Amino acid sequence: MARAALGLGSARALALLAVASVALLPLVSSDDGYGHCEGVVRGWADSSTGREKDGDKLSLKDLLFFLHIPRTGGRTYFHCFLKKLYTNAQECPRSYDKLRFDPSHPDCKLVVSHDDYSLTSKLPRERTSVVTILRNPVDRVFSTYEFSVEVAARFLVHKNLTSAKLMSTRLLTKSRAVSTLDIWPWKYLVPWMREDLFARRDARGGDKVPSSKKVNAYDVEDMVMPLHQYINDPVAHEIIHNGATFQITGLTNNSYFDGAHEVRHCVRQHPDLGRIVLEVAKNRLDQMLYVGLTEDHEESARLFAHMVGAQVLSQSGTLNLDLKEDLRTENDSHPSMVEPEDEETNEHLNSTHGWQSTEALNSTSDEQGKGNMTVGKLMEAYETCIAKLRKSQSNRRKISLKKVEEANFSKEARKLVPEAILKEIISLNSLDMELYDHAKKIFTQEHLMLKAQQSGVGQHRLLAEQKGWTEIICSDGTCSPWMVVMLGLGITAIIALVSFAVTTRRRTSKLKV
């Protein structure tokens, strides 16, 4: 009976996914499968290469597109950095779902979305800078699994699946806010996990029946779909594995590019063609204004503040760069910026059960982007904000997982996951593994560039102090020719007088002797 119930849930999930994407896949005949796929993938790659090589990639353009790869910490940057740098009026509407806005609107300066790179086809490409954050693929898969369970488990307060669906439909109809169920990829992953959770609860006989087959938090088969089953399901192959590569190349099942399904299908059918897609992804990263790393959280935040935040403030005319405050040495640390918990801070508080909005926690207003802001003050505001969001996330997770409490996810629990499963995750995400290594190289380059930039600014300040006396003579930093001549004659006269005085003193000393 349990198997039947689980089978029913799986069938429904596959039907949902089929409606979303699989049904749209063009059929590839068996007789020319590889040749056809190679032509499709190479054709797409040729049309995608070279589009981004225009202008200075390190200079912030008119519109900032934050390409948020799920479970990388992007929501933290959105609420604790970007909401403090941009006013509500400057943020393009309907972030985190298919955007419906006029990109030519002069006030639209910021786009933050899980939509993949193909969204740039709707943006003024020549006026758009792209930034993103990458995460170790193994950790990202773990976190995706955990968050799928966490959000789906919130529905277990209902007596059955039908009741849960009806309630969520009513809430979505009444609420104007964007729900987790509106957002890719959760609009696919959460319903899939929700049906599975209800099927396992029904087979178990209720909420209060404890699991009898617990091996570790990632293998509580009676309550939650085990991790090993999760990563091998067709849904995971369609959405999760190599997700960063497909998102950066604009080839997800949420793409604006009509041929994305066929390219992705060909890569899955013929893995060696993935090398072509990977090269496009690397090229995209090379052209981005900023690439952060979830694992190197503190340094990523500091780089973002200096490489992106400083330019936003400068363009808005609010930057007052205090070098004594903003320039830090490698030994400096931020007490509140400890290594983050694995769960992504403050991910989607607008849940289907009316969780409070992040706006209540994030004390950002349109006025906070104004005034005497420095990069140092921006970092202080970020640290205060992230501390609040971490606390909120921790409390919410405890409440959400109460009905499946034996699925007690943690870094310690991950250590109990068999090595074979970890190797399988690495194999299933081979493109993402290589892309992540490339991102680490870019991150190192960003760090070196920032150090060089800061060193140059420091030298410029020292020179400015040394020649500050010229500002007494020269107005507005410029000197007229006659002032330069008079200044030169004056310096010559002073040198002559000093030389005469020294010579006279020496002669007097000789006469006395």
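Would you pick out the residues in the stretch 110-143 that are open to solvent by 60 Å² or more (accessible area, probe 1.4 Å), closer than 22 Å to residue 308 by Cα and either hydroxyl-bearing (Ser, Thr, Tyr) or modelled with pLDDT of 90 or more (or both)? Walk me through it before giving the result.
Going residue by residue through the stretch 110-143, those that are open to solvent by 60 Å² or more (accessible area, probe 1.4 Å) are 121-122, 125-127.
Still in the list and also closer than 22 Å to residue 308 by Cα: 125-127.
Of everything in the stretch 110-143, nothing turns out to be open to solvent by 60 Å² or more (accessible area, probe 1.4 Å), closer than 22 Å to residue 308 by Cα and either hydroxyl-bearing (Ser, Thr, Tyr) or modelled with pLDDT of 90 or more (or both).
Residue-by-condition table, conditions (1) of a type outside the set (Lys, Arg); (2) surrounded by 22 or more Cβ atoms within 10 Å (Cβ to Cβ); (3) at pLDDT below 95; (4) within 19 Å of residue 421 (Cβ to Cβ):
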| position | (1), (2), (3), (4) |
| --- | --- |
| 203 | yes, no, yes, no |
| 207 | yes, no, yes, no |
| 232 | yes, no, no, yes |
| 236 | yes, no, no, yes |
| 240 | yes, yes, no, yes |
| 248 | yes, yes, no, no |
| 263 | yes, yes, no, no |
| 272 | yes, no, no, no |
| 276 | yes, no, no, no |
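Among the listed residues 440, 411, 415, identify the single one that is open to solvent by 40 Å² or more (accessible area, probe 1.4 Å), more than 30 Å from residue 154 (Cβ to Cβ) and of a type in the set (Lys, Arg). Result of the check over 440, 411, 415: 440. Each residue in the stretch 64-101 was checked for being in a loop (DSSP other than H, G, I, E, B), modelled with pLDDT of 85 or more and among the basic types (Lys, Arg), and 1 pass. Taking first residues from the stretch 161-190 that are more than 26 Å from residue 240 (Cα to Cα) and modelled with pLDDT under 90 and partners that are part of a helix (DSSP H, G or I) and open to solvent by 10 Å² or more (accessible area, probe 1.4 Å), no Cβ contact under 6 Å between residues at least 6 apart in sequence or on separate chains turns up.
Restricting attention to the stretch 427-437, and to residues there that are open to solvent by 40 Å² or more (accessible area, probe 1.4 Å) and under 19 Å from the mean Cα position of the chain (by Cα), which single residue is farthest from residue 276 (Cα to Cα)? Restricting to residues being open to solvent by 40 Å² or more (accessible area, probe 1.4 Å) and under 19 Å from the mean Cα position of the chain (by Cα), the top hit is 437.
Here residue 104 passes the criteria (1) buried (at least 17 other Cβ atoms within 10 Å of the Cβ); (2) of a type in the set (Ser, Thr, Tyr); (3) at pLDDT below 85; (4) farther than 21 Å from residue 70 by Cβ except the one numbered (1).
So that you can scan it fast, the table gives a plain yes or no per residue for (1) modelled with pLDDT of 85 or more; (2) of a type outside the set (D, E, K, R):
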| residue | (1), (2) |
| --- | --- |
| 419 | yes, no |
| 424 | yes, no |
| 427 | yes, yes |
| 430 | yes, yes |
| 436 | yes, yes |
| 440 | yes, no |
| 448 | yes, yes |
| 453 | no, yes |
| 465 | no, no |
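The values are calculated or read from the model by the stated rules, or taken from the named source; none is laboratory data. Just so it is clear, the model here is predicted, and its values are computed rather than measured. Don't worry about glycine lacking a Cβ; one is built from the backbone with ideal geometry, like all the others, and counts go over all protein chains shown. Quick note on the areas: whole protein, heavy atoms, side chains included, nothing else; ligands and nucleic acids left out. Shrake-Rupley method; radii C 1.70, N 1.55, O 1.52, S 1.80 Å.
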